[in-house]
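One structure is given below, encoded as structure tokens.
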Amino acid sequence: MSLDDKLLKKLDIFISSRTHELHNERIEIKNVLTNLDFNTFIFEKDSGSRTESSEEVFSEEVSSCHIYVGIFREEYSEATEKEYRIALESKKEILIYVSDYNITGRHSNLRNLLREFKQKHTIQYFDNSGDLGRKVKKDITDILVRSFLNQKEGRFSTVPTLNDQDTLKHYLQKITPESPDALQNINPVASEIMSVWRKMGYAIHNCVFNSDTADFQATISHWSGKTKVFVRCVNGEITSNDVNYAVKHITEIDAARAFLFTYNRISPAASTLALENNVVIQTQAQFYRSILKPEKYFDKLRNEYDKQEISKYYVPLKCYKKSNVEDEVQFINEQLGDVDSYVLRWLSDRSQKHLALLGDFGSGKTWFSRRFAKICLDKYIEDPDNNKLPIFISLRDYAKSYSIQQLITDLLLNEYNFELQGGYETFVELNNQGKFLLIFDGFDEMAQKVDFNVVTENFKELAKVANLKSKVLLTCRTTYFRYEIESHRILSGKTKTSSTLPTTQAGFEIIQLEELSDEQIVEVMTKRIGDPQKAKGYWEKLRSVYDIPSLAHKPVLIPMLIEIMQDIVDSSSIDASTIYHIYTDRWLGQAHSEGRTYLSNKWQSLFFVIALAWYMLKSQELKIHWKKIPDFINNYYNVDTSEIDYYANDLRTNTFLKRDERGFFEFSHKSMTEFFVAYKFAIELGAAKPAYRRNIPEEETRQKSIQELAASFGAIILNPEIILFLKEMIGQKQFLKDLFNKCKQGSTENLGYLLSNLITLLVVLKEPFDSEDISNANMPSADLQGSTLTNCTFDGGNLSQVIMNNGKFTNSSFNNCNMSQSSLVHANLHEIKAQNANLTNCNGRFSNFSDSVFTTSNLSNSKFQRSKFLGCNLDNVIASSVDFSDSDLTDSSITNAVLDGCNFDNSILTNTTFKNSQLTSCSFYLAETTDTEFTNCNLQNSKLEDLNLPRRKFGAINLTNAILSNSDLSGSRFLKAVLRNCSLVNTNLTKCVCEEVDFTEASLEKATLNEIILRKCNLRDVRLYDIKIDKITIDTDTKTNGVKIDRKTFERLPKDFQNIIIRDNDEYAIWQE
């Protein structure tokens, strides 16, 4: 007899909430649970007409239910609280759900109840009815699983029906076909296998399980009908009995085939019997490999590894970790040793986060990634049951993808030729089960034109596959992030733009590649040259040349160093640009001397390569398909169609390109692209050093027009690597300064990033700026970190996303500027003027803004923790969700301002004036508030716990829903103030004068009201439990309707206060014990 044929004990679930407030949510839960055969009770649907009172009905239903589900939002209901109390006393399973979505004010009684919930239960928060339905279903499933497992171990629930194993199985077998993860702790192999069949498009039904086996049927529809299969998952060894059982069921249910799965144990007899009866019998790893069919990918990974001769030339690298100290700006280095060993330990550590490997350009990140993928592939092929399948993903291709789903789908199906039924959904399920090692190489190459939002959104996309069971290795250039702490925030998923990572995703541990040591450099040279002594001799000569030791730490440069060894030794000065220049110049010269090029001279070949590099960088793809090369040539040269093939062949064979199997051409290293783009800019700016102008016609080296420069030099934001090359190529700084001054005089709206890049470059070149008029300039994303621009005028300019970290900008003017999303960390902005400026989404931590003027500016969503605002004028500012925590705002004026959701925790507000300001939903926890003025402010929903605010004039302040618990307000004066639903628990109100104050629904439990004066106040529904009272003065115009007070407190009140309470209330309703 099946479970469904037995007389089962159904589970009763009571759904409790304020009925009209959460009607849709109640119906959603009822529908979800009724479909799973639960008996659900909601009063408006199930009470009907009865003899008993409504209170008797809900009391009986709660007492007889098995699981209580409470839903809460804003409103309070005494009946709802009673329902909870009954469930608690009856020792029911209790599930509490709370909505914080778009609430305007929560009843004080409900706030107190929620505090109790948090002490006694684990609360779930929900956004909408659908979200609530999913969470309730999951939590009830967890109760069933927990009860099932507890019973097996001899532990029993206080709810008897939850100890009935047949009942538990019945519900779990109903739930499992749609939620296979319900079986994870009962039969994990069944949970995982069933989930994959579902993602492959099969409908799951007729699930039956016990602790050792789980059986189910899977059906899929196709053009010729339906196919049904029988599946058994064994939590242990598959035996002949399992095969016989499967053979029997093939006939009984008319299945096309039977499948038997286990983690890794199959008896020889079972294998033989399965083969004879056409039953598929596999370990989980064998099944997954059979649906992936990854053999072509294996060949591709091996071929690329061999093609690049990584095994021949690779030298083990070392790594370290930057540990963040308390102020989040200072870091200390922790040496980690060999990066190969460290990453292997990370891979085997189940508790470890994902891993981000950072390094400078050419430091060996890609070679390490490819080598590590090859090592892991060999391990997987040897033992697939205990190793992850590595998938190498070059993010250089990501620029043309719109989502991680598009990238993965294109990669697996088109490039790696996986045959994956169910596509991306099946990949996600296998990844969620931890079957893959995902190696994302080149996070910095996902897009060339980036800003902070692009960086965080790119990471947000990648983080979608970085869950708790998967393993993800990500490589990136260190300089891709604007500053150290930014890399830590983004890779941990804690930026405002990308939001905190969901709990299903883990953050990234960050390690960085060390520079090559002298010994490693010699080892690299030995592998390249083949002679250890000769390599050592080379290095002895090279290390004495200026700046070579600082360049040779990059593996990508060492082959160039070897090739141009003599040129370097003969040079009086050397840098990265010079090395690339000598190397490429020699290479192009050799092509011409040997007659291998169609172009007539070397400078034309150089310009040809430069044009291609610029095309790639500007298109954000860093590669070009062979079919597009003719179009590129025609656009650049406008040549006769009969000559295009000659130019195309010249480009493919006589430049610095490599080709992949699909016909895409790219430079041998990204740094080569950046070098040629920097070369282009140096020439077009007319400021290149003589060495870079040699053999180029003079007319080609003259400075281009402003509009021409705007279309090239101003078309992109300079990245750090282009700046690195460019600063060593520039020989005429004054040309750049003159150009900057010329550009800023006219309209700068159509110049793109021209002014931004010019000032960035001038700052890098140490060009002084003082008392400059740079008003109305368009300079978004300029990099001014570490610069000195004092007494300058930036009025009316666009400085959005500018980096000003550690810069000095004292006495400068930023009136009417757009500075949104700028970074001002550790900047000195003392005495600046920033009236009517846009400072939204800025990071101004640890900075000095003292004596500055910010009137009518917008500071919303910015971070100013631990900054100085002493003596600042912030009148009429708009500041939503600004973090001023731990900052010093002494003597500042913030009148007529709108500050919503701001954080002033631990800040110094001595003698600060907030007169006539809106301070809604702000937090002032442990702030220093000596002589702070809040006259006529609106502090609705704000938190002012533990504050010292004696003898203040609050005027017509609005403190609706505010929290002032444990604060000292003694001697203060409230005139026409609004303290509706305000928490004044344990607050000192001694000698306060309250005239025409609205205290409706306020909580004054344990407050001190000695010598308080109450004139024409509204004390409706106020809680006065256990208050400390002496010499209270109250007039007869004060209203006390609905006041809640215990008998002992009432008896301590002055007689006139008692009479007013009795006047406004029925005496029997006064006592609230």
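Quick look at the numbers
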| read-out | value |
| --- | --- |
| The listed residue being touching a Pro at 6+ places or on another chain (Cβ under 9 Å), surrounded by fewer than 23 Cβ atoms within 10 Å (Cβ to Cβ), at pLDDT 90 or above and not assigned by TED's automatic domain parsing to the domain that holds residue 802, out of 723, 706, 717 | 717 |
| Qualifying residue in region 437-457 (condition: modelled with pLDDT under 75, closer than 28 Å to residue 785 by Cβ, touching a Gly at 6+ places or on another chain (Cβ under 8 Å) and surrounded by fewer than 22 Cβ atoms within 10 Å (Cβ to Cβ)) | no |
| Residue within region 1005-1027 that is closer than 17 Å to residue 954 by Cα and touching a residue at least 24 places away in the same chain (Cβ under 8 Å) present | yes |
| Any pair with Cβ under 7 angstrom, 6 or more apart, that starts in region 242-253 at a residue that is in a helix (DSSP H, G or I) and ends at one that is among the polar types (S, T, N, Q) and surrounded by fewer than 16 Cβ atoms within 10 Å (Cβ to Cβ) | 243/277; 247/277 |
| Every pair of residues 6+ apart whose Cβ atoms lie under 7 Å, when the first sits in region 31-45 and is without any contact (Cβ under 8 Å) to a residue 40 or more places away in the chain and surrounded by 14 or more Cβ atoms within 10 Å (Cβ to Cβ) while the second is of a type in the set (Lys, Arg) and in a loop (DSSP other than H, G, I, E, B) | 39/10 |
| Any pair with Cβ under 7 angstrom, 6 or more apart, that starts in region 774-786 at a residue that is farther than 11 Å from residue 760 by Cα and among the aliphatic types (A, V, I, L, M) and ends at one that is at pLDDT below 90 and not in a loop (DSSP other than H, G, I, E, B) | 774/744; 777/744 |
| Check on residue 114, of a type in the set (A, V, I, L, M, F, W, C), assigned to a helix (DSSP H, G or I), surrounded by fewer than 18 Cβ atoms within 10 Å (Cβ to Cβ) and in contact (Cβ under 8 Å) with a residue 40 or more places away in the chain | yes |
| Subset of region 583-601 [buried (at least 19 other Cβ atoms within 10 Å of the Cβ), in a helix (DSSP H, G or I) and over 43 Å from the mean Cα position of the chain (by Cα)] | 588 |
| Region 683-703: number of residues that are over 18 Å from residue 583 (Cα atoms) and either exposed (fewer than 14 other Cβ atoms within 10 Å of the Cβ) or outside the structural domain of residue 608 (by TED's automatic domain parsing) (or both) | 5 |
| Qualifying residue in region 349-372 (condition: surrounded by fewer than 18 Cβ atoms within 10 Å (Cβ to Cβ), basic (Lys, Arg) and at pLDDT 90 or above) | no |
| Within region 256-312, helices (runs of 4 or more DSSP H) holding 2 or more residues that are surrounded by fewer than 14 Cβ atoms within 10 Å (Cβ to Cβ) | 268-276, 295-307 |
| Residue check for residue 945: modelled with pLDDT of 85 or more, in a loop (DSSP other than H, G, I, E, B) and under 24 Å from residue 1043 (Cα atoms) | no |
| Restricting region 622-638 to residues that are of a type in the set (S, T, N, Q) and in a helix (DSSP H, G or I), the residue that is nearest to residue 677 (Cα to Cα) | 635 |
| Region 764-800: number of residues that are charged (D, E, K, R) and outside any loop (DSSP other than H, G, I, E, B) | 3 |
| Selected residue [of a type in the set (A, V, I, L, M), free of Cβ contacts under 8 Å to residues at least 40 places away in the same chain and farther than 16 Å from residue 616 by Cβ] from 730, 644 | 644 |
| Region 5-32, subset out of contact with any helix residue (DSSP H, G or I) (no Cβ under 7 Å at 6 or more places or on another chain) and among the hydrophobic types (A, V, I, L, M, F, W, C), residue farthest from residue 176 (Cα to Cα) | 22 |
| Residue in region 1039-1052 that is within 19 Å of residue 990 (Cα to Cα), part of a loop (DSSP other than H, G, I, E, B) and free of Cβ contacts under 8 Å to residues at least 40 places away in the same chain present | no |
| Flag for residue 814 being surrounded by 21 or more Cβ atoms within 10 Å (Cβ to Cβ), in contact (Cβ under 8 Å) with a residue 12 or more places away in the chain and out of contact with any helix residue (DSSP H, G or I) (no Cβ under 6 Å at 6 or more places or on another chain) | yes |
| Residue that is surrounded by the fewest Cβ atoms within 10 Å (Cβ to Cβ), among those in region 865-893 that are aliphatic (A, V, I, L, M) and assigned to a strand (DSSP E or B) | 878 |
| Residue match in region 197-218 (condition: at pLDDT 90 or above and on the phi > 0 side of the Ramachandran plot) | yes |
| Exclusive hit being buried (at least 22 other Cβ atoms within 10 Å of the Cβ), part of a loop (DSSP other than H, G, I, E, B), hydrophobic (A, V, I, L, M, F, W, C) and not assigned by TED's automatic domain parsing to the domain that holds residue 703, set 751, 755, 761 | 751 |
| Test set (1) among the small types (Gly, Ala, Ser); (2) farther than 27 Å from residue 931 by Cα; (3) under 43 Å from the mean Cα position of the chain (by Cα) - residue 1003 fails condition number | (2) |
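Residues are listed down the side, and each one gets a yes or a no for (1) over 28 Å from residue 845 (Cα atoms); (2) modelled with pLDDT of 85 or more; (3) polar (S, T, N, Q); (4) buried (at least 20 other Cβ atoms within 10 Å of the Cβ):
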| position | (1), (2), (3), (4) |
| --- | --- |
| 490 | no, no, no, yes |
| 494 | no, no, no, no |
| 499 | no, no, yes, no |
| 511 | no, yes, no, yes |
| 519 | yes, yes, no, no |
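For (1) farther than 17 Å from residue 234 by Cα; (2) part of a strand (DSSP E or B); (3) without any contact (Cβ under 8 Å) to a residue 24 or more places away in the chain; (4) not assigned by TED's automatic domain parsing to the domain that holds residue 139, each residue gets a yes or a no:
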| site | (1), (2), (3), (4) |
| --- | --- |
| 181 | no, no, yes, yes |
| 185 | no, no, no, yes |
| 191 | no, no, yes, yes |
| 194 | no, no, no, yes |
| 197 | no, no, no, yes |
| 207 | no, yes, no, yes |
| 215 | no, yes, no, yes |
| 220 | yes, yes, yes, yes |
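Conditions (1) of a type in the set (A, V, I, L, M, F, W, C); (2) more than 20 Å from residue 680 (Cα to Cα); (3) touching a helix residue (DSSP H, G or I) at 6+ places or on another chain (Cβ under 9 Å), marked per residue:
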position	(1), (2), (3)
704	no, no, yes
713	yes, no, yes
717	yes, no, yes
721	no, no, yes
730	yes, no, yes
737	no, no, yes
744	no, yes, yes
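The values are calculated or read from the model by the stated rules, or taken from the named source; none is laboratory data. Keep in mind that what you see is a predicted model, and the values were worked out from it rather than measured. Methodologically, a virtual Cβ is constructed for each residue, glycine included, from the backbone with ideal geometry; neighbour enumeration extends over all protein chains shown.
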